[in-house]
Amino acid sequence: MEGVAIKGRLGRQVNMATAPIGGSRLPVPVPRDGVWAVLGTTANRLWERGCFGRPIRDGIRLTTAEVLNAHRLRGLPLPHDGWLAEVLPDHPDLLFECEVLDSLRFPGEKVVLAENLNAANAVLLDSRSWALRWSRNVKPRDAEPLAEIRWMRGSDQIDWGGLSEWTSNVQAGGRIPELLIVDDEHGVVTYRCALHDPVGPLTDPFRGLNNDERRVISHAWGQSKETDGGYWLDIPRNEWPLPGIGINLQNGVWLTEIESQIISRIVNPTMPLPT
């Protein structure tokens, strides 16, 4: 059965105390239409050098998370004292989202949020994506994105079916599906997702056994001895038809609780599937 596999690398955590100050001439962001505007020609540097926000007629437009991200990485002034405490109730994921942006942008990668993609002349391959990523040495308008990005917290439940579908859609378009996970200590790990169809020489215990093998298993199971944490079967390992189930122990085969449920299901198909 095809499934999604994820391979991760630890993102670089940015210490706010050591983030480059720079950009002292950047104007203070002002609220506009539910987001934030940084006005003036100097604000354009945030887009041109780091793809922060998106250009507007008189400056650039930033999301709330990008304001904090630009403050950490580019020295953008915060709108006012107490701003963070003021915006957190309306943006409870703000600190997590900012950690993701810090992790992506600190090394210099170009990242454009989904809502700003018209500025990069780009589109998402899957609407569940949060952003696109380009290499640091290109301009987004002049190149195809390398990756399509999602993020989640370490405590969030993973929808494996949805993740598999998203991975398939992104890979089909030639991009890397990247999932960033933020843990409870605000460390960020980037996972590259890929579809895999694992195959191997082991027999399917429910469909691949012949009648003789089933009889051997039934006989051994009928004489099994319960132990702490599992069952011991008095059968030599080389006579046991399922090399992928159980371990060789004291000239017999020892099964864990879950393996015992599998064998019970083989012997009696009316038994519930192991969980």
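The values are calculated or read from the model by the stated rules, or taken from the named source; none is laboratory data. If you're wondering where the values come from, they're calculated on a predicted model, not measured in any experiment. Every residue, glycine among them, receives a Cβ derived from its backbone with ideal geometry; neighbour counts consider all protein chains shown.
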Check on Glu178, in a strand (DSSP E or B) and of a type in the set (D, E, K, R): yes
Can you tell me which residue among Glu148, Glu115, Glu97 is assigned to a helix (DSSP H, G or I), in the same structural domain as Gly59 (by TED's automatic domain parsing) and buried (at least 19 other Cβ atoms within 10 Å of the Cβ)? Glu97
Take the conditions exposed (fewer than 14 other Cβ atoms within 10 Å of the Cβ), of a type in the set (Gly, Ala, Ser) and at pLDDT 95 or above and apply them to Ala172. Does it pass? yes
Among the residues listed as His80, His71, the single one being farther than 17 Å from Asn118 by Cα and part of a helix (DSSP H, G or I): His71
Residues satisfying the stated conditions in the stretch 118-145, i.e. assigned to a loop (DSSP other than H, G, I, E, B) and more than 21 Å from the chain's Cα centre (by Cα): Asn121, Ala122, Arg136, Asn137, Val138, Lys139, Ala143, Glu144
Segments classed as strands (runs of 3 or more DSSP E), wholly inside the stretch 186-271, with at least 2 members that are in the same structural domain as Arg150 (by TED's automatic domain parsing) and under 30 Å from Glu148 (Cα atoms): 188-196
Only one of Glu66, Glu86 that is at pLDDT 95 or above, of a type outside the set (A, V, I, L, M) and under 18 Å from Leu132 (Cα atoms): Glu66
